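Asker: I have a structure here, written as structure tokens, and I will follow up with some questions on it.
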Amino acid sequence: MENLRNFEQVCAILKEHDHNPNRLIAILQAVQEVYRYLPEEAMTFIATSLGIPPAKVFGVASFYAHFTLEPKGRYVLKICDGTACHVKKSTEIEEALRKHLGLSSQNPTTPDMLFTLETVSCLGTCGLAPALVINDEVHGLLSPQSALALVQEIQDREAAVHA
């Protein structure tokens, strides 16, 4: 039922953009908001609906870094490993988060689709180093313990909602 609702949202997004192929990036951005990634089936449907080759849609989706072709968790954790953060031991925070969540570089998303952990080159928050962004919220001056506390708070809140 969830996929049907999302499919209806894709149709609404296409309609909102007048099925205009020149609005492909905006359409893909809106669809990614629905799914938290760009499923292959949705991209094929978009191509068909816009009357453009699927290769063009896949090309745009794979070219821009802000698009993802893999499912991500509800909470995307972006740990900065830029110079300032690295010097202040962001790698220790990353290791603590990976261990706590049972993740690896090959498996960055938890099986329950709650968390995805990514390492980024720079968040532009050098004054807050080491920094972590959880979805769109910046957290700075972290230690492994404070980063784990943030994640545990989310886990506790999610467990309470689903209890």
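Asker: Rounded, prolate or oblate: which fits region 66-109 when a ≥ b ≥ c are the square roots of the eigenvalues of the alpha-carbon gyration tensor, with rounded for a/c under 1.5 and prolate only if a/b beats b/c?
Answerer: Since a/c reaches 1.5 but b/c is at least a/b, the shape of region 66-109 is classed as oblate.
Asker: In a shell of Cβ-Cβ distance under 11 Å around Ile46, excluding Ile46 itself, what net charge do Lys and Arg (+1) and Asp and Glu (-1) give?
Answerer: Cβ neighbours under 11 Å give a net charge of 0.
Asker: Let me ask something else about it. Mind listing the lone cysteines of the chain, meaning no other Cys beta-carbon sits under 4.7 Å from theirs?
Answerer: Cys11, Cys122, Cys126
Asker: Could you work out how much longer the chain between Glu92 and Tyr64 gets when fully extended? Use 0.36 nm per residue separation minus the Cα distance between them, nm to one decimal.
Answerer: 7.1 nm
Asker: For a quick check, take a GNM of the chain with Cα springs below 10 Å and name the residue from Phe63, Phe115, Phe45 with the largest mean-square fluctuation.
Answerer: Phe63
Asker: How large is the dipole of region 1-84 about the Cα centre if only Lys and Arg carry +1 and Asp and Glu carry -1, each at its Cβ, rounded to the nearest 20 debye?
Answerer: With only Lys, Arg, Asp and Glu charged at Cβ, the dipole is about 120 debye.
Asker: Here is a further query. Given H placed on each backbone N at 1.01 Å, which residues far from Leu69 in sequence or on other chains put an amide H within less than 5 Å of it?
Answerer: Answer set, sorted by chain and number: Leu38.
Asker: Please rank Met113, Met43, fewest neighbouring Cβ atoms within 10 Å first, as an exposure proxy.
Answerer: In increasing order of surrounding Cβ atoms, one gets Met113, Met43.
Asker: Count the lysine pairs in the chain whose Cα atoms sit under 22 Å apart, keeping only pairs 8 or more residues apart in sequence or on different chains.
Answerer: 7
Asker: Okay, next question. Applying the Karplus parametrisation 6.51 cos²θ - 1.76 cosθ + 1.60 with θ = phi - 60° to the phi angles of region 147-163, what ³J(HN,Hα) value in whole Hz is obtained for each residue in order, glycine and proline being reported as x?
Answerer: After applying 6.51 cos²θ - 1.76 cosθ + 1.60, I find 5, 5, 5, 4, 5, 5, 4, 5, 4, 5, 5, 5, 5, 5, 5, 9, 8 Hz.
Asker: By how many nm would the segment from Gln106 to Thr44 grow when fully extended, if each residue of separation counts as 0.36 nm and the alpha-carbon distance is taken off?
Answerer: Between Gln106 and Thr44, full extension yields an extra 19.7 nm.
Asker: Ok, one more. For the pair Val161 and His139, how long in nm is the line joining their label points, each one 7 Å along Cα→Cβ?
Answerer: The two pseudo-label positions are separated by 1.6 nm.
Asker: Counting only DSSP beta bridges with both residues in the chain, what percent are antiparallel, rounded to the nearest 5?
Answerer: Percent antiparallel among DSSP bridges in the chain is about 55.
A short reminder: the numbers here are calculations on the coordinates, not readings from a lab. Note that this is a predicted model, so its numbers are computed, not measured. Glycine also receives a Cβ, built like all others from the backbone with ideal geometry; neighbour counts cover every protein chain displayed.
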